[in-house]
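In what follows, a structure is listed as structure tokens, so that the remarks can point back to it.
The values are calculated or read from the model by the stated rules, or taken from the named source; none is laboratory data. Since we're looking at a predicted model, the values are computed, not measured. Every residue, glycine as well, gets a Cβ built from its backbone with ideal geometry; the counts of neighbours run over all protein chains shown. When the accessible area is computed, the model is the full protein with side chains, heavy atoms only, and any ligands, DNA or RNA have been set aside. Shrake-Rupley method; radii C 1.70, N 1.55, O 1.52, S 1.80 Å.
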Amino acid sequence: MKLILAIIVCSALHGECSAPIKKKGTYNDWYSCMQSGYQEARKVSQSFGYKRVNDEQIYVKFYCVEAKNTI
């Protein structure tokens with residue numbers, strides 16, 4: 001089974017979330033996908049910076065889903 005990682009960025013302050021952003025590439029197992037998700041969530045959070053994350057109460061969530069139409 002191949003898995004795809006999807007990242008969602010939310011603001012607790014505004015009560016809104018972005019549409020899921022599917023990352024390129026696939027993963028062969030759940031563990032690898034989840035580990036990548038934690039790394040990507042940290043990168044996204046850091047890219048917003050300390051002030052914006054605090055001001056807008058930004059948080060990142062992610063999930064792994066079975067890839068469709070992969071060989």
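Exposed loop positions in the chain were taken to be trypsin sites (Lys or Arg not before Pro) whose DSSP state is not H, G, I, E or B and which have at most 10 other beta-carbon atoms within 10 angstrom. Between these positions, the longest stretch is 25-67. In terms of Cα atoms, the Rg and Dmax of the chain work out to 13.4, 44 Å.
On full extension, the segment bounded by W30 and A67 gains 12.1 nm, given 0.36 nm per residue less the C-alpha separation.
Normalised by the residues of the chain, what does the relative contact order come to in percent, with Cα pairs under 8 Å and at least six apart? So the answer I get is 48 percent. For I21, the solvent-accessible surface with a 1.4 Å probe is about 90 Å², rounded to the nearest 10.
The Cβ shell under 13 Å around V60 holds other residues with a net charge of +3, Lys and Arg each +1, Asp and Glu each -1. This model, with +1 at the C-beta of Lys and Arg and -1 at the C-beta of Asp and Glu, gives the chain a dipole about its Cα centre of some 220 debye.
In this structure S47 has an accessible area near 90 Å², from a 1.4 Å probe over the protein heavy atoms.
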